[in-house]
Every structure is written in C-alpha cells, then in structure tokens.
Amino acid sequence: MSATFDPLMVTIAQAGAPAPMAGATLAHYLFVSAVMFALGLIGFLTRRNLIIMFLCTELMFQAAGIALIAFSRFHLNHTGETFVIFVLTVAAAEAAMALALVVLLFRRRESLDAEQWDEMSG
C-alpha cells in the first residue's frame, strides 16, 4: 500500500482549526506590546518601591519579547524567537540578582523605598 497525499483529507482534518493569526494583525500585537512597555516605564518612573520597580522592568522585558515574536511571525522567520530566548535568559539572571539585592537592602535598612538609597556613595 503506497502513501499518497490527499488534499481532501487534509482539508477535512483542518476544518475546525483556526488559521494562524486569523483575527489579529501585526498592529494588534505591537499595540499590546507598546501599552505594556508604557505601563512598565510609567510604573518604574513613578513608584519608589524597589520590588514594584523590579516588576516594571520585567513587564518591559515581556513587552519587548511580544514585539520580537510578532515581527518574527509576520516575516515568517525564527530570528525573533531566538532573541526572545536570550531576553528571557537575561531576565532570569537579572531577577536572581535583583531579588538578592532587594533582600540585602531590606536587611540593612528595613525599607524598600528607593529614595532612602539615593545618598549611597562608594
């Protein structure tokens, strides 16, 4: 028995599957990415709590990742996904270092207010 390609069977099998990026365009993803990045930037600049500032930087990293993946999918190559893997790796290392620093700073002054650490000098 030989295996042959039957386009009718493929059409029937994929009848319930949605088309890739059927309803959303590149502009939709870029808009979501820009809003997330703006929220992260506003949160970072206006809040003084170190943990909130850290979470806002993570939000900006994720917004950049969404934009990279959207452009990668739009241009049908995998370069964006590769860069997102590196961004996530850097974000994980940054998260470990930032949380360790926050714990150390909290032990010193028992406060997470960034303004108390303005006068730090070496």
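The values are calculated or read from the model by the stated rules, or taken from the named source; none is laboratory data. Worth saying up front: this structure is predicted, and the values here are computed from it rather than measured. Using ideal geometry, Cβ is built from the backbone for each residue, glycine included, and neighbour counts are taken over all protein chains shown.
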Can you list the helices (runs of 4 or more DSSP H) found entirely within the stretch 1-104 that contain at least 2 residues being small (G, A, S), under 14 Å from the mean Cα position of the chain (by Cα) and at pLDDT 90 or above?
-> 26-46, 50-75
Those residues of the stretch 75-119 which are out of contact with any Gly (no Cβ under 9 Å at 6 or more places or on another chain), aromatic (F, W, Y) and surrounded by 13 or more Cβ atoms within 10 Å (Cβ to Cβ), in sequence order = F106, W117
